[in-house]
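Novice: Here you go, one structure.
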Amino acid sequence: MYQRYKDGWVEVISGCMFAGKTEELIRRIKVLEFARKEIMVFKPSIDNRYSDTMVVSHAGSSVESHVISDPREILKMVSDKTDVVAIDEVQFFDDSICEVCSILARRGKRVMCAGLDTDFRGEPFGPMPKLITQAEFVTKLTAVCNKCGAPATRTQRIINGEPAKYNDPIVMVGASESYEARCRHCHEVLDHPVLTKGEY
């Protein structure tokens, strides 16, 4: 009934925007802080929406973090005393983040990652598919569709009031864009090469 795992594993919190991924990551961090675990938190340098140095949820919860550009920096910063490594917005890293997480888990660290599982097209985002398949534990969260109120699993990008086009860049730094959570049926991607409207 109760299983004892060896120290060292990877857990992933995934879902669309506004599903509460960062909020859940911070909740787990706070619980582990209460348990007096040594925790290091990391985030990619590209994520400066709410803070340059802190991991901040849409709901306003926050924790201090180390800002990095290359996942391999994590290996240089984590020490033997570190019990837990938490990584937010993991989808923005390249595939080397998967190797880094595996190395840390083999070193006996609890590795907690949070990130978007799909991009605005509804397609797998960066290293997330590989990371999810390597993880021992995966939590997929849903939001509420902005249009119909159904469970939302997709991120809708809107540029100047219109749905984004399929060939728009995956990451648009500084663009006049906004995002909404959408269900499968309300999600729109203009000029999709295969699917027509209503088939996304």
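Novice: Using the structure shown, decide if Lys130 is surrounded by fewer than 21 Cβ atoms within 10 Å (Cβ to Cβ), in contact (Cβ under 8 Å) with a residue 60 or more places away in the chain and of a type in the set (Lys, Arg).
Specialist: Judged against the criteria, Lys130 is not a match.
Novice: Report yes if Ala19 is of a type outside the set (D, E, K, R), under 28 Å from Glu123 (Cα atoms) and not in a strand (DSSP E or B), otherwise no. It would help to see each step written out before you state the result.
Specialist: Values: of a type outside the set (D, E, K, R): yes; under 28 Å from Glu123 (Cα atoms): yes; not in a strand (DSSP E or B): yes.
Answer is yes for this residue.
Novice: Any residue in the range 60-75 that is farther than 20 Å from Leu32 by Cβ sitting within a Cβ distance under 7 Å of a residue that is assigned to a loop (DSSP other than H, G, I, E, B) and aromatic (Phe, Trp, Tyr)? List the pairs, counting only those 6 or more apart or interchain.
Specialist: Pro71/Phe93
Novice: Here's a follow-up. Among the listed residues Val84, Val100, Val56, Val10, which satisfies the condition of being more than 30 Å from Arg157 (Cβ to Cβ) and open to solvent by less than 60 Å² (accessible area, probe 1.4 Å)? Don't jump to the end; show me each part of the working.
Specialist: On the way: Val100 fails: more than 30 Å from Arg157 (Cβ to Cβ); Val56 fails: more than 30 Å from Arg157 (Cβ to Cβ); Val10 fails: more than 30 Å from Arg157 (Cβ to Cβ).
None of the others qualify; the one that does is Val84.
Novice: Step by step: first the residues of the range 15-52, then only those that are over 14 Å from the mean Cα position of the chain (by Cα) and either under 22 Å from Thr133 (Cβ atoms) or touching a residue at least 40 places away in the same chain (Cβ under 8 Å) (or both), then the one that is least open to solvent (accessible area, probe 1.4 Å). Which residue is that?
Specialist: By that ranking, first place goes to Ile29.
Novice: I want to confirm something. Restricting to the range 76-90 and keeping residues that are out of contact with any helix residue (DSSP H, G or I) (no Cβ under 6 Å at 6 or more places or on another chain) and not in a helix (DSSP H, G or I), which single residue is nearest to Met112 (Cα to Cα)?
Specialist: It comes out as Ile87.
Novice: Restricting attention to the range 24-57, report how many residues are of a type in the set (Asp, Glu) and modelled with pLDDT under 95.
Specialist: Number satisfying all stated conditions: 3.
Novice: Now, a different point. Are any residues in the range 58-76 touching a Ser or Thr at 6+ places or on another chain (Cβ under 8 Å) and modelled with pLDDT under 85, and if so, which ones?
Specialist: At the first step, the residues of the range 58-76 found to be touching a Ser or Thr at 6+ places or on another chain (Cβ under 8 Å) are 58, 61-62, 64-65, 67-72.
If the condition is that a residue be touching a Ser or Thr at 6+ places or on another chain (Cβ under 8 Å) and modelled with pLDDT under 85, then His58, Ser61, Ser62 are the ones that fit.
Novice: Does Val12 fit the bill of being free of Cβ contacts under 8 Å to residues at least 60 places away in the same chain and of a type in the set (A, V, I, L, M, F, W, C)?
Specialist: Criteria not met by Val12.
Novice: Considering only the range 150-171, how many residues are farther than 16 Å from Gly122 by Cα and open to solvent by less than 50 Å² (accessible area, probe 1.4 Å)?
Specialist: Within the range 150-171, residues that are farther than 16 Å from Gly122 by Cα and open to solvent by less than 50 Å² (accessible area, probe 1.4 Å) number 2.
Novice: In addition: Those residues that are touching a helix residue (DSSP H, G or I) at 6+ places or on another chain (Cβ under 8 Å), open to solvent by 10 Å² or more (accessible area, probe 1.4 Å) and part of a helix (DSSP H, G or I), I need them from the range 103-119; list them, please.
Specialist: Within the range 103-119, just Ile103 meets the criteria.
Novice: Could you check, for the range 108-120, whether at least one of its residues is in contact with a Lys or Arg (Cβ under 6 Å, 6 or more places away or on another chain) and of a type outside the set (A, V, I, L, M, F, W, C)?
Specialist: Checked the range 108-120: no residue is in contact with a Lys or Arg (Cβ under 6 Å, 6 or more places away or on another chain) and of a type outside the set (A, V, I, L, M, F, W, C).
The values are calculated or read from the model by the stated rules, or taken from the named source; none is laboratory data. Every value quoted in this text rests on a predicted model; they were computed, and no experiment measured them. Using ideal geometry, Cβ is built from the backbone for each residue, glycine included, and neighbour counts are taken over all protein chains shown. Only protein heavy atoms, including side chains, enter the accessible area calculation; ligands, DNA and RNA are left aside. Shrake-Rupley method; radii C 1.70, N 1.55, O 1.52, S 1.80 Å.
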